[in-house]
Amino acid sequence: MPDKIYTGSCQCGAIAFRLTADGPTTEYRFNKHVISHRFCPTCGIQPYATGEQDGQTIVAVNVNCLDGVDARALDSQVVDGASA
């Protein structure tokens, strides 16, 4: 897979970010097959996923894979997807 650079920011633009996805990945598409879940072929973790929503490209990043980020220190929100 060629290098792909993702950029983004918060709504007001005070925080910006840039993500580069490189290296070999394995793809799997669950359920409706609209989200490309990317897995490491060596260890099996899913570092990110890509897809589209309302014509816009979206990227979901596994924060456990980010250097220097303690995911347990972040505020979290419980979401019950089964009842939504």
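Every read-out reported here was derived from the displayed coordinates using simple, explicitly stated rules and does not represent laboratory data. Remember, predicted model here, so these are calculated numbers, not experimental data.
List of remarks:
- Kirkwood Rh in Å, taken over the chain so that all alpha-carbon pairs contribute: 14.9
- Amide hydrogen neighbours beyond the local backbone of I35, cut-off 5 Å, H modeled: F30
- Relative contact order for the chain: 15 percent, from Cα pairs under 8 Å spaced at least 6 residues apart, divided by residue count.
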